[in-house]
Amino acid sequence: MKRSRKLFFYSEENVSFIEARGFKAKFSLLVIVSVFVALGVIFGANHFLGDVLGIDIDRVNFLSTENKLLKDEIKTLSAKLTDMSQTMDKLSERENQLRLAVNLPHIDEDTRAIGTGGTKRETNIGIVSKDANDLMSSAEQLLDKLDKEVVFQQQSYQDIYNKSKYNKELFAHIPAIKPMSGFFNYHDFGMRLHPILGIVRMHEGVDISNDVGTPVYATGDGVVESAGGTGGGYGIAVEVNHGFGYKTWYAHLLRPAARVGQKVHRGDLIAYSGNSGLSTAPHLHYEVRMNGKKMNPVSYFIDDVDYKQIREQLALAKEQ
């Protein structure tokens with residue numbers, strides 16, 4: 001049988017030994033209090049001495065507060081990135097409108113998704129809390145998507161700019177006006193009975209009737225390739241190479257007003273109409289060729305053209 005141990009002390013007052021009751025509890029309490037006092041002294045001295053023990057409780061508290069603030073900032077940043085993503089979506093719609101305006105193909109959502117998409121990124125930067133890690137991962141994924149969208153749209157807008165610049169040059173070179181004032185038959189292009197030869201043959205242009213000496217204008221920007229007598233039925237003629245596959249031919253002239261190799265702009269004077277070559281009356285025979293194929297010139301006419309206004313605009317453009 002285990003015998004319990006008891007603690008006695010001698011009392012001179014009672015001249016006898018008295019049992020010390022509750023001694024263990026009091027001793028334990030004394031030890032605990034002593035430990036806390038000792039820890040307080042140690043932490044105080046450690047803080048005063050510049051954290052020689054490497055505990056740094058203040059820094060732990062600071063980092064905890066900072067972590068919470070950073071999480072709030074990441075949430076705010078994610079919200080802003082979401083707003084930016086919505087703005088990019090609206091810009092994409094406008095971008096497609098611009099692409100259509102310059103005759104570029106529309107970019108569908110699937111093509112855009114392939115160009116700007118990406119896989120989910122996992123972050124591991126030592127943040128203990130999972131929600132903070134998830135927040136960071138989501139923000140980085142959205143930022144990565146926005147970065148790719150910006151690059152994608154930069155390339156698209158560069159394509160739009162290049163196409164717009166190309167179109168501006170193309171439109172200036174297309175033979176897009178009637179070369180001379182006067183009367184013409186809308187159905188003059190095609191098979192017809194030749195007025196002199198008396199046989200049915202292809203009429204590869206349009207005849208514009210007016211007095212001898214009527215000014216003839218270049219119908220688009222280009223370079224004069226030939227000017228003078230042809231030695232054939234066309235008589236005196238001028239040919240202009242507009243580039244982009246276009247050439248125009250002006251025949252039965254009185255005389256040229258432009259020389260070979262001269263650069264001309266739409267509306268520039270290049271000749272005067274006449275009655276030379278195989279012709280029954282004063283008129284201008286005008287042809288449009290696209291990659292060597294004869295086209296109906298009437299399809300290119302702008303009936304309400306004002307030659308005087310065109311010349312004034314050209315003079316103003318040269319001054320600028």
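The values are calculated or read from the model by the stated rules, or taken from the named source; none is laboratory data. For clarity, every value in this text was computed on a predicted model and none was experimentally measured. Note that each Cβ is placed from the backbone with ideal geometry, even for glycine, and that neighbours are counted across all protein chains shown.
What to note about this one:
Residues are listed down the side, and each one gets a yes or a no for (1) modelled with pLDDT of 90 or more; (2) of a type in the set (A, V, I, L, M, F, W, C); (3) crowded, with 16+ Cβ neighbours inside 10 Å:
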{"site": "VAL238", "(1), (2), (3)": "yes, yes, yes"}
{"site": "LYS247", "(1), (2), (3)": "yes, no, yes"}
{"site": "ARG259", "(1), (2), (3)": "yes, no, no"}
{"site": "VAL264", "(1), (2), (3)": "yes, yes, yes"}
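- Looking across segment 224-268, just one residue is of a type in the set (Ser, Thr, Tyr), under 19 Å from ILE177 (Cα atoms) and in contact with an Asp or Glu (Cβ under 7 Å, 6 or more places away or on another chain), and that is THR248.
- Annotation: HIS106 fulfils all but one of (1) at pLDDT below 75; (2) not in a helix (DSSP H, G or I); the unmet one is (1).
- Single residue of segment 209-228 satisfying the filter (of a type in the set (Gly, Ala, Ser) and loosely packed, with under 15 Cβ neighbours inside 10 Å) that is farthest from the chain's Cα centre (by Cα): GLY213
- Residue in segment 208-218 that is among the charged types (D, E, K, R), modelled with pLDDT of 90 or more and in a strand (DSSP E or B) present: no
- Test: residue in segment 133-142 that is closer than 30 Å to ASP268 by Cα, out of contact with any helix residue (DSSP H, G or I) (no Cβ under 7 Å at 6 or more places or on another chain) and either polar (S, T, N, Q) or modelled with pLDDT under 80 (or both): no
- The number of residues in segment 272-282 being under 17 Å from GLY232 (Cβ atoms) and surrounded by 20 or more Cβ atoms within 10 Å (Cβ to Cβ) comes to 2.
- Any hit, segment 73-94, residues being under 13 Å from the mean Cα position of the chain (by Cα) and of a type in the set (S, T, N, Q): yes
- Every residue from segment 143-187 that is hydroxyl-bearing (Ser, Thr, Tyr), exposed (fewer than 14 other Cβ atoms within 10 Å of the Cβ) and over 25 Å from VAL264 (Cα atoms): TYR161, TYR186
- Subset of segment 248-261 that is part of a strand (DSSP E or B) and aliphatic (A, V, I, L, M) - its residue that is farthest from LEU284 (Cα to Cα): LEU254
- In segment 236-247, the condition of being assigned by TED's automatic domain parsing to the domain that holds VAL216, assigned to a strand (DSSP E or B), at positive phi and out of contact with any Ser or Thr (no Cβ under 6 Å at 6 or more places or on another chain) is met by at least one residue.
- Qualifying positions in segment 216-255 - more than 12 Å from PRO175 (Cα to Cα) and of a type in the set (Lys, Arg): ARG255
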